[in-house]
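The values are calculated or read from the model by the stated rules, or taken from the named source; none is laboratory data. Remember, predicted model here, so these are calculated numbers, not experimental data. Counting neighbours? That spans all protein chains shown, and the Cβs are built from the backbone with ideal geometry, glycine included. The protein model used for the area step is the full one, side chains on, heavy atoms only, and it has no ligands, DNA or RNA in it. Shrake-Rupley method; radii C 1.70, N 1.55, O 1.52, S 1.80 Å.
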Amino acid sequence: MRKSTFHKLNPDKKKRILRACLKEFSKNSFGEASVSSIVKELGIAKGSIYQYFEDKEDLYTYVIERSADRKYEILNFAAQRAIASWQQWFFQTCLVEIKFTKEFPEMAQLIRRELFHGNSFLQKKESDFTRTGLTNFQAELSNAMDMVNLVFLVSSMKNAIVSRYAGVRLTDKTSMEINTLSEQIARIVTSWS
């Protein structure tokens with residue numbers, strides 16, 4: 001739990017702390033990450049960081065929460081646009097997530113690693129986002145399969161596409177490839193009806 005002194009910090013100092021923590025935690029797992037490296041990056045004494053955070057785990061939790069908040073804020077904003085089908089929703093969320101990966105590579109790296117290792121907080125965020133998106137198209141997908149399995153399947157496919165295209169420059173050609181994949185996935189899923 002962040003200490004009250006952290007909440008009193010000015011926004012610029014909070015951003016500096018987040019950037020330094022992201023730099024360290026995106027490159028290293030929790031066990032390998034070093035608070036000493038973080039404070040060195042910040043140019044402060046090691047004890048100073050503990051004026052704001054209880055311990056290293058509190059720092060790590062803060063970085064994960066902020067990264068997830070940013071990712072799902074961007075995805076939710078994009079998902080609010082008028083989208084006619086779940087295939088379009090899937091295509092748009094893939095594109096937005098690829099752009100997030102390019103714009104915020106350290107956050108994306110940390111989130112990917114934590115999802116892979118079963119971070120329940122991030123898995124719930126991902127599942128809730130996907131479930132909400134798919135619920136909007138429930139009539140279209142009503143007989144495809146139960147919602148739990150559908151959420152898992154769609155999240156897995158989205159993560160595979162994002163991983164494939166995250167390191168590639170987005171062009172009209174790559175967008176068309178992603179759209180074609182989305183259409184193929186839509187045909188497969190709706191054929192289960």
Looking only at segment 22-60, which residues are closer than 12 Å to residue 110 by Cβ, out of contact with any Phe, Trp or Tyr (no Cβ under 7 Å at 6 or more places or on another chain) and open to solvent by less than 60 Å² (accessible area, probe 1.4 Å)? 22, 24, 26, 28, 29
With free of Cβ contacts under 8 Å to residues at least 60 places away in the same chain and not in a loop (DSSP other than H, G, I, E, B) as the only criterion, which of 109, 87, 92 stands out? 92
Evaluate the following for residue 19: is it open to solvent by 30 Å² or more (accessible area, probe 1.4 Å), within 29 Å of residue 123 (Cβ to Cβ), free of Cβ contacts under 8 Å to residues at least 60 places away in the same chain and of a type in the set (Lys, Arg)? yes
Considering 143, 159, 76, which residue is at pLDDT below 85, part of a helix (DSSP H, G or I) and either out of contact with any Gly (no Cβ under 8 Å at 6 or more places or on another chain) or open to solvent by 10 Å² or more (accessible area, probe 1.4 Å) (or both)? 159
Given (1) modelled with pLDDT of 90 or more; (2) within 21 Å of residue 160 (Cβ to Cβ), identify the lone condition not met by residue 85. (1)
